[in-house]
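What follows is a set of notes on a single structure, which appears directly below.
The values are calculated or read from the model by the stated rules, or taken from the named source; none is laboratory data. What you see is a predicted model, and the numbers here were worked out from it, not measured in a lab. Glycine gets a Cβ as well: all are built from the backbone with ideal geometry, and neighbour counts include every protein chain shown.
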Amino acid sequence: MATAIEVPAVEQHRTPKPTSRWRVIDIVVASVIAVAVGLVYFSWNLIYSPASAPLQAALPGLQALVYGVWLIGGVLGGLIIRKPGAAVYVSLVAATVSALLGSQWGLLTLESGLVQGLGAELIFLAFRYSNWRPIVAVLAGAASGLALGINDLVLWFPGATPVFGVIYTTSAIVSGAVIAGLGSWFLVRGLAATGALSRFASGRQAEVDA
Amino acid sequence: MSIDAVGARIDARAWGWRHAGRSGWALSGIDLAIAPGERVLLLGASGAGKSTLLHALAGVLGGDDDGEAHGQLLVDGQLPELVRGRVGLLLQDPDAQVILARVGDDVAFGCENLGVPRDEIWRRVDAALTAVGLALPLNHPTSALSGGQKQRLALAGILAMQPGLLLLDEPTANLDAHGVEEVRAAVEAVVAETGATLVVIEHRVSIWRELVDRVIVLSASGGVLADGTPDRVLAEQGESLAAVGVWVPGFPPARPVRAPRRDASVVLTTEALVIGRTARASHDEPITLELERGRALAITGPNGSGKSTLALTLGGLLPPVTGTVSAAGLANGAGEEPISWKSRELLTRIGTVFQDPEHQFVAATVRDELAVGPRALGLPEHEIETRIAHLAARLRLNTLLSANPFTLSGGEKRRLSVATVLATRPPLVILDEPTFGQDSRTWQELVALLAELLDDGTSIVAVTHDREFIAALADQELRLVGPTRARHDDVEATR
Amino acid sequence: MSVLTPVKGSQAVYRLNPVSKLAASAIISVTLVLSIDWVSAGVALALQIVLFFWAGLGLRPFFRRTMPIWIAAVLGGCTILLYGRVSGETYFQFLFIQISDGSIELAIATTLRMLAIALPAVVLFVTIDPTDLADGLAQIVRLPARFVLGALAGLRLIGLFAEDWRSLELARRARGIADRGRLRRFWGQAFALLVLSIRRGAKLATAMEARGFGAPNQRAWARESRLRSADGVLVALAIAISTTAVTVSVLTGNWNFIAAQS
């Protein structure tokens, strides 16, 4: 008594069209990633000072070379979820987690997270959320670094010299590009290989390429 | 206040589903009609798509993003996505279904999503908790619940939505015997009271045999293989089901035949051992035991009695709170207590297989995973190759050597975790719940492998609640009876 | 300490709505951040210290939680001291380092400012229950419920992280690789933890969807989040502290708008 709908005669390997609406799994996994990244931020908050002190002593402003760790959230979120707003969301929630765990900056941590996430988001937007190659990740990380540099100089170091400002921002950009940009790209590739991202385009792409 | 629900009807016509990015259809040609109030047990080999069918009925497979469907699948004559509140889905992992931090809030979650008015929500929450037998205060933290309690909590959350269709996807696979019974009783009570339709997937048939009135078997190559009363289907299909790993009553897995023991020297002793995860003792009574070569010790006891802690302490991974663990028979120049051994020294003396195999994975391919231990020992390459080839053949992993360990199925992961331990040939192997949630085929293979090891002179310590495992392999049993007493027993060999 | 088990107590601060705590913290942060001078920061800090005792957090937990802030504030001040904008008399000079009147003043201002902004934030945040915060954000601030609750559910998985981490550590010892290479092992473990968490998150998402989450219909709320008079008092206090600090600073001529620092 089956009145079946016609099965297509040719079975094609169809890649689904990407939509910009967030599924529940997008929201929850983005939150999980943000929480994990927030934990990294929190640990990094505790130890970054001794790590950056020697850099600072060498050249004031150079300590921003290790600040790329704080920029991972936005780039990683964008690369994995691949939906509009992912970079901002993950960056913001990660900052919230590190603020909830008692970071030094309180509410301004959230503001930093927002601004830095926006940096990455703008790059992903510029590529119309359809280019996820390493160069885009690097650019997104660099843009986050730029945002971090400007944000910190305006809010936390308004009394510093212009030389300091230039060194600080440049270090932040480089750090963002390498640690947050390249680092996140490789991390996503590793995650996709484990099959953890099988319900995401970022996971399936790796399967197709492999 | 009782809970009312009229059972939902399921209709499927030539239905099939393909996950996005895959070329094969997970399911195809499914023709089913399930009447309201029927109780169905869904069986089939792994990969037959049982879980996919249940997820589809719950409307959580996803849209175009996630795959494509063909044919028709209707619940109460409508698409499942449109009637989500009508269908309740209980999954396998207790931890992944706890949504909020307090018991009451978690149960209320489903009602909130359905737009139920506030007073009605809390009435339903109370009724649901009572129906599943969870008599806890509403602000009890959900993180403090046992596995069985978490599953019942999820069931209460589903119940509060007053669904007409109850879907259970291997709900007891990750629970101990006590938890299994709790969940089974709760489901029975719920179904009896509400008259909801029930579809269960489980590979242990005996748990649900009495409760269901229909058994459906899905074929791995598509379509429905068998459909009828439990007695008839199990009689017809019992043997073939047992062959693919279903625990069918009447077709138990084969027990290994043990060879007589040759060497009886002692490998491990403990002296007034008090164990604990932190500096505080989790088990007060000191434990004294002795383990000889080629003998198997089973550690049993209820949840929370410290079985895993004991296993990790014996394995030299956790320090004893007081007392000693002494492995003079294994030391080979490394000192008496395993906790003092270096990580590399542990490799060739004591191997520990963790309860969750994924905790042990450190490499990106199965081959590298097998090589980690031997490489850490500094063995020459050709020796490593030989060992890998031998283990891969013995544990049926040769087709998987270049796969990522995380992508393996449950049984394959278990075999891999055992193989990695055996790669360095330790004379003592400790296993934490090795047969947890395993199908009968993997169980049989594992038990046969362990019997071989025992006959070769390897000693085994196994934390387990699996009575069949104990009967097949164990020579001694150490029962941790709650946090205060321990009892030793010699296990009667029933082979 | 876990972000999921906030400090509990019976003082007034625990009964306040999380949204008003957020608002109060935001008001203070935004006004104080606009200027870098020691007067506004100092006045705000003094007034806040009075309130901290009223909040009843307790001296020891207070210092334990805020220690990183104290450290960071001092370090931040030192940065400015050594590399800050030069003005007035110079006391010490070496390569790029230059300590001057101006940099000393800015350093003190920076330290006080960091303290004045961060300390109240911690005090307030530490008493926030995540579920109540989610309720407040969704019901009062009207953020989309899907995102707020999805984030809350993901946040819960933190609790399982610690257990998993311990198991991952022990497993590495058992696998024979725990003797050397701690840093490399750390990142390997972090990766494994991320994999496990994403998997669990995916399962959690399915469970939530199965309970009707994410459906287009209007959602009900089992717990009502309301703003009470005490919340109004808190926000008023925040405004009062901020305006007092700013006023005193402007009146004494110390107001130093950051945007004017070019």
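Got at least one residue in segment B:39-57 being touching a Ser or Thr at 6+ places or on another chain (Cβ under 9 Å), within 14 Å of chain A (Cβ to nearest Cβ) and under 27 Å from residue B:229 (Cα atoms)? I'd like the intermediate steps shown before the answer.
If we filter segment B:39-57 for residues that are touching a Ser or Thr at 6+ places or on another chain (Cβ under 9 Å), which is where we start, we get B:39-40, B:44-49, B:55.
Narrowing the set further to residues that are within 14 Å of chain A (Cβ to nearest Cβ) leaves B:55.
Of the ones still in play, those that are also under 27 Å from residue B:229 (Cα atoms) are B:55.
Yes, because at least one residue in segment B:39-57 is touching a Ser or Thr at 6+ places or on another chain (Cβ under 9 Å), within 14 Å of chain A (Cβ to nearest Cβ) and under 27 Å from residue B:229 (Cα atoms).
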Checklist outcome for this item: Residue pairs within 8 Å by beta carbon, gap of at least six or interchain, first lying in segment C:211-222 and at the interface with chain B (Cβ under 7 Å from one of its Cβ atoms), second surrounded by fewer than 17 Cβ atoms within 10 Å (Cβ to Cβ) and assigned to a loop (DSSP other than H, G, I, E, B), listed first then second, are C:217/B:115; C:218/B:115; C:219/B:115; C:220/B:115; C:220/B:117
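Restricting attention to segment B:241-270, report how many residues are assigned to a loop (DSSP other than H, G, I, E, B) and within 30 Å of residue B:338 (Cα to Cα).
Initial filter on segment B:241-270 (assigned to a loop (DSSP other than H, G, I, E, B)): B:244-246, B:248-265.
Adding the requirement that they be within 30 Å of residue B:338 (Cα to Cα) leaves B:258-265.
Selection size over segment B:241-270: 8.
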Next on the checklist: Out of the helices (runs of 4 or more DSSP H) lying entirely within segment A:92-205, which hold 2 or more residues that are within 24 Å of residue C:79 (Cβ to Cβ)?
Outcome noted: A:107-126, A:134-155, A:162-175
Checklist entry - Hey, any hits in segment C:150-162 for a residue that's in contact with a Lys or Arg (Cβ under 7 Å, 6 or more places away or on another chain) and closer than 22 Å to residue A:109 by Cβ? => result yes
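Of all the helices (runs of 4 or more DSSP H) wholly in segment B:126-231, which have at least 2 residues that are within 14 Å of chain C (Cβ to nearest Cβ) and without any contact (Cβ under 8 Å) to a residue 24 or more places away in the chain?
Details: elements: B:147-159, B:177-194, B:205-208.
Counting at least 2 such residues, we get no helices (runs of 4 or more DSSP H) at all.
Looking for something outside any helix (DSSP H, G or I), facing chain A (nearest Cβ under 9 Å) and surrounded by fewer than 24 Cβ atoms within 10 Å (Cβ to Cβ) - is there at least one such residue anywhere in segment C:135-145?
Taking segment C:135-145 and keeping what is outside any helix (DSSP H, G or I), we get C:140-144.
Those still in the list that are facing chain A (nearest Cβ under 9 Å) too: none.
No, because not a single residue in segment C:135-145 is outside any helix (DSSP H, G or I), facing chain A (nearest Cβ under 9 Å) and surrounded by fewer than 24 Cβ atoms within 10 Å (Cβ to Cβ).
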Checklist entry - Which residues, taken from segment C:188-204, are more than 7 Å from chain B (Cβ to nearest Cβ) and either without any contact (Cβ under 8 Å) to a residue 12 or more places away in the chain or not in a helix (DSSP H, G or I) (or both)? => result C:190, C:191, C:194, C:198, C:199, C:202
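If you check residue C:223 against the conditions, is it under 27 Å from residue B:100 (Cβ atoms), among the basic types (Lys, Arg), in contact with an Asp or Glu (Cβ under 8 Å, 6 or more places away or on another chain) and not in a helix (DSSP H, G or I)?
Numbers: under 27 Å from residue B:100 (Cβ atoms): yes; among the basic types (Lys, Arg): yes; in contact with an Asp or Glu (Cβ under 8 Å, 6 or more places away or on another chain): yes; not in a helix (DSSP H, G or I): yes.
Spelling it out, residue C:223 is indeed under 27 Å from residue B:100 (Cβ atoms), among the basic types (Lys, Arg), in contact with an Asp or Glu (Cβ under 8 Å, 6 or more places away or on another chain) and not in a helix (DSSP H, G or I).
Give me the residue from segment C:1-36 that is assigned to a loop (DSSP other than H, G, I, E, B) and at pLDDT 65 or above and, out of that set, surrounded by the most Cβ atoms within 10 Å (Cβ to Cβ).
Let us first name the residues in segment C:1-36 that are assigned to a loop (DSSP other than H, G, I, E, B), namely C:1-11, C:16-17, C:34, C:36.
Applying the additional criterion that residues be at pLDDT 65 or above yields C:16-17, C:34, C:36.
Details: C:16: 23, C:17: 22, C:34: 16, C:36: 26.
Looking at residues that are assigned to a loop (DSSP other than H, G, I, E, B) and at pLDDT 65 or above, I get C:36.
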Checklist entry - Under the condition of being touching a Phe, Trp or Tyr at 6+ places or on another chain (Cβ under 9 Å) and β-branched (Val, Ile, Thr), which residue from segment A:143-188 is surrounded by the most Cβ atoms within 10 Å (Cβ to Cβ)? => result A:188
Checklist entry - Of C:113, C:166, C:156, which residue is basic (Lys, Arg), in contact (Cβ under 8 Å) with a residue 24 or more places away in the chain and closer than 30 Å to residue C:186 by Cα? => result C:156
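In this structure, is residue B:101 within 13 Å of chain C (Cβ to nearest Cβ), out of contact with any strand residue (DSSP E or B) (no Cβ under 9 Å at 6 or more places or on another chain) and under 29 Å from residue B:149 (Cβ atoms)?
Numbers: within 13 Å of chain C (Cβ to nearest Cβ): yes; out of contact with any strand residue (DSSP E or B) (no Cβ under 9 Å at 6 or more places or on another chain): no; under 29 Å from residue B:149 (Cβ atoms): yes.
No: the conditions fail for residue B:101.
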Next on the checklist: Whether any residue in segment A:193-206 is surrounded by 20 or more Cβ atoms within 10 Å (Cβ to Cβ), under 30 Å from residue B:400 (Cβ atoms) and within 13 Å of the chain's Cα centre (by Cα) is what I want to check.
Outcome noted: no
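Quick test for you: out of B:85, B:110, pick the one residue that is at the interface with another protein chain (Cβ under 9 Å from one of its Cβ atoms), in contact with a Lys or Arg (Cβ under 7 Å, 6 or more places away or on another chain), in a helix (DSSP H, G or I) and within 29 Å of residue A:19 (Cα to Cα).
Every option except B:110 fails the conditions.
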Checklist entry - Which residues, taken from segment B:120-157, are in contact with a strand residue (DSSP E or B) (Cβ under 7 Å, 6 or more places away or on another chain) and among the hydroxyl-bearing types (Ser, Thr, Tyr)? => result B:142
Next on the checklist: The conditions are (1) at pLDDT 90 or above; (2) closer than 25 Å to residue A:25 by Cα, and residue B:94 fails exactly one of them. Which is it?
Outcome noted: (1)
Next on the checklist: Out of everything in segment C:149-187 that is more than 9 Å from every other protein chain (Cβ to nearest Cβ) and closer than 19 Å to residue A:42 by Cα, what residue ends up being surrounded by the fewest Cβ atoms within 10 Å (Cβ to Cβ)?
Outcome noted: C:183
Next on the checklist: Checking the conditions here, which among A:82, A:23 is at the interface with chain C (Cβ under 10 Å from one of its Cβ atoms) and either at pLDDT 75 or above or under 30 Å from residue C:82 (Cβ atoms) (or both)?
Outcome noted: A:23
